[in-house]
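Trainee: Quick one: structure below, then a few questions.
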Amino acid sequence: MALDVTGLIIILLFFIRGYTRGLIVAAFSVIAILLGVLCALKLSQSFAAWLLLKGYMTSAWAPMLSYIILFVGVVLVVRLIAKMLQKAVEGMMLGTVNKLAGGLLYAFLGAVLWSSILWIGGRMNMFSPELIASSKTYTWLSGLAPWFFGFAGNLLPFAKDVFANLQHFFDQINKK
């Protein structure tokens, strides 16, 4: 139940954020978040291995910390670019449809982000079996990000095997 409430809050906050920004700004934000998640998922294994090799982190936290650092870094860079592009479209007055579309786009984005956190948290055994069993949405939502990035892999081939590669990485860490 706690996972469901947390996920619902995240998705609702994302909807509100998208609604207030509208579709145009939301689209740039979606690109930032998706690239952030893709890059973090794709590169977090290598970055975590580097953190472990250099002794900056213990094996328990390196995967999650590397994911967060990479995600935030990519999002900040893309948003900086988006702010420059936003200046070109600030004069447009778009109505309620723009706001609703932005809200829906952001809500989906929030669901994909929450799904990737659930997936990684599940692989790192961060959630107790009781917590997962009490959740009504864990099974569906934890599979959303792998499905979405598998689908995105048809458009962007480097995204196709992100979750399979991470699963192998977590299997190796869990053996230690």
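Trainee: Counting only residues that are buried (at least 18 other Cβ atoms within 10 Å of the Cβ) and of a type in the set (S, T, Y), which one in the stretch 1-57 is modelled with the highest pLDDT?
Mentor: Applying the filter and picking the extreme gives Y19.
Trainee: Same structure again: Residue by residue through the stretch 64-73, note down the ones that are surrounded by 18 or more Cβ atoms within 10 Å (Cβ to Cβ) and in contact with a Leu (Cβ under 8 Å, 6 or more places away or on another chain). Give the derivation first.
Mentor: In the first step, residues of the stretch 64-73 are kept if they are surrounded by 18 or more Cβ atoms within 10 Å (Cβ to Cβ); the result is 66-67, 70-71.
If the condition is that a residue be surrounded by 18 or more Cβ atoms within 10 Å (Cβ to Cβ) and in contact with a Leu (Cβ under 8 Å, 6 or more places away or on another chain), then S66, Y67, L70 are the ones that fit.
Trainee: Looking only at the stretch 126-148, which residues are β-branched (V, I, T) and surrounded by 14 or more Cβ atoms within 10 Å (Cβ to Cβ)? Spell out the reasoning first.
Mentor: So in the stretch 126-148, the residues β-branched (V, I, T) come out as 132, 137, 139.
Of everything in the stretch 126-148, those that are β-branched (V, I, T) and surrounded by 14 or more Cβ atoms within 10 Å (Cβ to Cβ) turn out to be I132, T137.
Trainee: Working only within the stretch 114-130, note down all residues that are assigned to a helix (DSSP H, G or I) and under 24 Å from S66 (Cβ atoms). Walk me through how you get there before you give the answer.
Mentor: As a first pass, look at the stretch 114-130 and keep what is assigned to a helix (DSSP H, G or I): 114-123, 129-130.
Scanning the stretch 114-130 gives W114, S115, S116, I117, L118, W119, I120, G121, G122, R123.
Trainee: Using the structure shown, decide if S128 is without any contact (Cβ under 8 Å) to a residue 60 or more places away in the chain, out of contact with any Gly (no Cβ under 7 Å at 6 or more places or on another chain) and hydroxyl-bearing (S, T, Y).
Mentor: On the way: without any contact (Cβ under 8 Å) to a residue 60 or more places away in the chain: yes; out of contact with any Gly (no Cβ under 7 Å at 6 or more places or on another chain): yes; hydroxyl-bearing (S, T, Y): yes.
Yes; evaluated as a whole, the condition is true for this residue.
Trainee: Here's a follow-up. Pairs please, first residue from the stretch 31-59 and part of a helix (DSSP H, G or I), second anywhere and among the hydroxyl-bearing types (S, T, Y) and buried (at least 18 other Cβ atoms within 10 Å of the Cβ), Cβ atoms under 7 Å, 6+ apart in sequence or on different chains.
Mentor: Listed pairs, sorted by first residue: V37/S116; A40/Y67; L41/S116; S44/S66; S44/Y67; F47/S66; A48/S66; L51/S66.
Trainee: Tell me yes or no: at least one residue of the stretch 82-97 is closer than 21 Å to L8 by Cα, in contact with a helix residue (DSSP H, G or I) (Cβ under 7 Å, 6 or more places away or on another chain) and surrounded by 14 or more Cβ atoms within 10 Å (Cβ to Cβ).
Mentor: Taking the stretch 82-97 as the starting set, the residues that turn out to be closer than 21 Å to L8 by Cα are none.
No.
Trainee: Working carefully through the options F151, F163, find the one that is touching a Pro at 6+ places or on another chain (Cβ under 6 Å), modelled with pLDDT under 80 and assigned to a helix (DSSP H, G or I). Break it down stepwise before answering.
Mentor: Working: F151 fails: touching a Pro at 6+ places or on another chain (Cβ under 6 Å).
None of the others qualify; the one that does is F163.
Trainee: Oh, and also: Confirm whether F169 is buried (at least 20 other Cβ atoms within 10 Å of the Cβ), modelled with pLDDT under 80 and within 22 Å of L38 (Cβ to Cβ). Lay out the reasoning, then the answer.
Mentor: Numbers: buried (at least 20 other Cβ atoms within 10 Å of the Cβ): no; modelled with pLDDT under 80: yes; within 22 Å of L38 (Cβ to Cβ): yes.
In short, no.
The values are calculated or read from the model by the stated rules, or taken from the named source; none is laboratory data. Bear in mind that the values here come from a model prediction, so they are computed numbers and not experimental data. Neighbour counts are summed over all protein chains in view; Cβ atoms, including those assigned to glycine, are modelled from backbone coordinates with ideal geometry.
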